[in-house]
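Some notes on the structure that comes next.
Coordinate-derived values only; no laboratory data. Predicted model only: the values in this text are computed from it and were never measured. Cβ coordinates were reconstructed from backbone atoms using ideal geometry, including for glycine residues, and neighbour counts include every protein chain displayed.
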Amino acid sequence: MTRVLLLQPDESLRALLEAQLGFLGHEPVTSGEYEAAIVDPAAAGALDVVSGSSVPVIFVSSREPTEATRALSPAAHLTLPYELDDLARALAGD
């Protein structure tokens with residue numbers, strides 16, 4: 001089970017991601033130790049939190065990747081709507 005940091009300010013999307021992560025066998029967390037991060041790049045301070053991160057970062061956004069998000073070399077950038085398989089592949093590093 002991978003502990004996955006969720007940085008998602010939208011409550012309904014955060015709840016969906018928590019359910020998806022649980023279904024995929026991962027533990028969503030909002031602080032503490034984690035092995036991967038799922039981040040809304042538009043969230044206040046989110047890019048600063050993951051800048052220089054040593055864990056895989058997955059951006060989930062309604063917007064296409066930007067120069068700033070590409071510069072952080074995320075493991076994936078999922079644009080809403082995405083398929084559950086897309087999230088599973090991103091978390092597996094595929």
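For the chain, the convex hull drawn through the C-alpha positions has a volume of 90 cubic angstrom per residue. Of the chymotrypsin sites (Phe, Trp or Tyr not before Pro) in region 16-94, not one is in a loop by DSSP (not H, G, I, E or B) with at most 11 other beta carbons within 10 Å. Here the Karplus relation 6.51 cos²θ - 1.76 cosθ + 1.60, evaluated at θ = phi - 60°, turns the backbone of region 77-91 into coupling constants of 10, 9, 9, 5, x, 10, 8, 4, 4, 4, 5, 4, 5, 5, 5 Hz, with x for every Gly and Pro. Under 5 Å between amide hydrogens, built in the peptide plane, is the criterion, and for GLU27 it picks out THR2, ARG3, VAL4 among residues at least 5 positions away or on other chains. How charged is the neighbourhood of VAL29? Take every other residue with its Cβ under 11 Å from the Cβ of VAL29, and add Lys/Arg as +1 and Asp/Glu as -1. Neighbour charge sum, excluding VAL29 itself: -3.
Using the rule -39500 (n - 2.57) for each DSSP H run of four or more residues, divided by the residues of the chain, the 222 nm mean residue ellipticity is -9000 deg cm²/dmol.
Filter the GluC sites (Glu not before Pro) in region 1-53 to those in DSSP coil with at most 11 other Cβ atoms within 10 Å of their Cβ, and list the result. Working shown, then result.
Numbers: sites: GLU11, GLU18, GLU33, GLU35; in loops: GLU33, GLU35.
Answer in residue order: GLU33.
Treating only the Cβ of Lys, Arg, Asp and Glu as charged (+1, +1, -1, -1), what charge dipole size does the chain show about its Cα centre? Round to the nearest 20 debye.
Details: 5 positive and 14 negative charges, 24 e Å.
So the dipole magnitude of the chain works out to roughly 120 debye.
Across region 3-92, Cα pairs under 8 Å and at least six residues apart give a relative contact order of 25 percent.
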